[in-house]
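Notes to accompany the following structure.
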Amino acid sequence: MHLNNLTLLHEEYPTKEYYPFNLQVLRQTRSIDFLSPVTFFVGENGTGKSTLLKALCQKCGVHIWRGVQGARLETNLYEEDLYKFIEVEWSNGRVPGSFFGSETFRDFAQCLDEWAKADPEMLNYFGGKSLITLSHGQSLMTMFRARYRIRGLYFLDEPETALSPKSQLELLKVLRDMGEAGHAQFIIATHSPILLACPGADIFSFDEMPVQKISYEETEHYLVYKNFMEDREKYLKEM
């Protein structure tokens, strides 16, 4: 492991009223240990899994690519401050890494193409070809296969969004192989029962308070898909 654990300093939070400090799971969870090369954060939308993922990413010094930010009706002064109240423990010092979020990937790919005009070798880190010349799913897998061979700490926020089930299986293989190689560590927020099946991965549920480690078969993702496949007629009648 590059990253051993995180600790939430919730007694030092600056407010109880504003996001993200009003999320109960972030007020009741003290720490999370990272004991596997692949760790998943799961839970319903709004439970805080992506919020903590991004804050941890910031704390670890990994840049989060953001698109153009538009004007907002209201401003939350605390929205980006959670990382200030996280402590992390490294195995042998900080390592480089990257953050993947599907909502900004296309913007990133276009900028990468612009940069490559001046330095074509830059594309070697992302599969050796322009990502915008491929389909969205193809460009993602090209980047994943190339980037995750590099030693580092990698954060992914719902990478399955633009991937077919077959491509999710390909990503699962990348996670397994790179994790077993011992140089890459992954922390991933996901809803995908395919990715969650990664052998040896740890799964933390944000539907529990505090956050709890659960088995694959205990995840709602597995149970819903399994029950639906076994008796889809029942589910359709109940809709």
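The values are calculated or read from the model by the stated rules, or taken from the named source; none is laboratory data. This structure is a prediction, so every number in the text was calculated from the model and none was measured. In this analysis, Cβ positions are derived from the backbone assuming ideal geometry, glycine residues included, and neighbour counts consider all displayed protein chains.
Looking at the stretch 151-177, which of its residues are touching a residue at least 40 places away in the same chain (Cβ under 8 Å) and of a type outside the set (Asp, Glu)?
Scanning the stretch 151-177 gives Arg151, Gly152, Leu153, Tyr154, Phe155, Leu156, Pro159, Thr161, Ala162, Leu175, Arg176.
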- Note on the structure: Reported set for the stretch 197-220 where residues are of a type in the set (A, V, I, L, M, F, W, C), at pLDDT 95 or above and surrounded by fewer than 20 Cβ atoms within 10 Å (Cβ to Cβ) is Ala197, Ile214
- Scan the stretch 92-111 residue by residue and report those that are of a type in the set (Gly, Ala, Ser) and more than 19 Å from Gly182 (Cα to Cα). Gly101, Ser102, Ala109
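Suppose the filter is of a type outside the set (Phe, Trp, Tyr) and either loosely packed, with under 12 Cβ neighbours inside 10 Å or closer than 24 Å to Glu158 by Cβ (or both); does Leu123 pass it?
Details: of a type outside the set (Phe, Trp, Tyr): yes; either loosely packed, with under 12 Cβ neighbours inside 10 Å or closer than 24 Å to Glu158 by Cβ (or both): no.
In short, no.
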- Give just the number: which of (1) among the acidic types (Asp, Glu); (2) surrounded by fewer than 17 Cβ atoms within 10 Å (Cβ to Cβ); (3) more than 23 Å from Asp33 (Cβ to Cβ); (4) modelled with pLDDT of 75 or more does Asp107 not satisfy? (4)
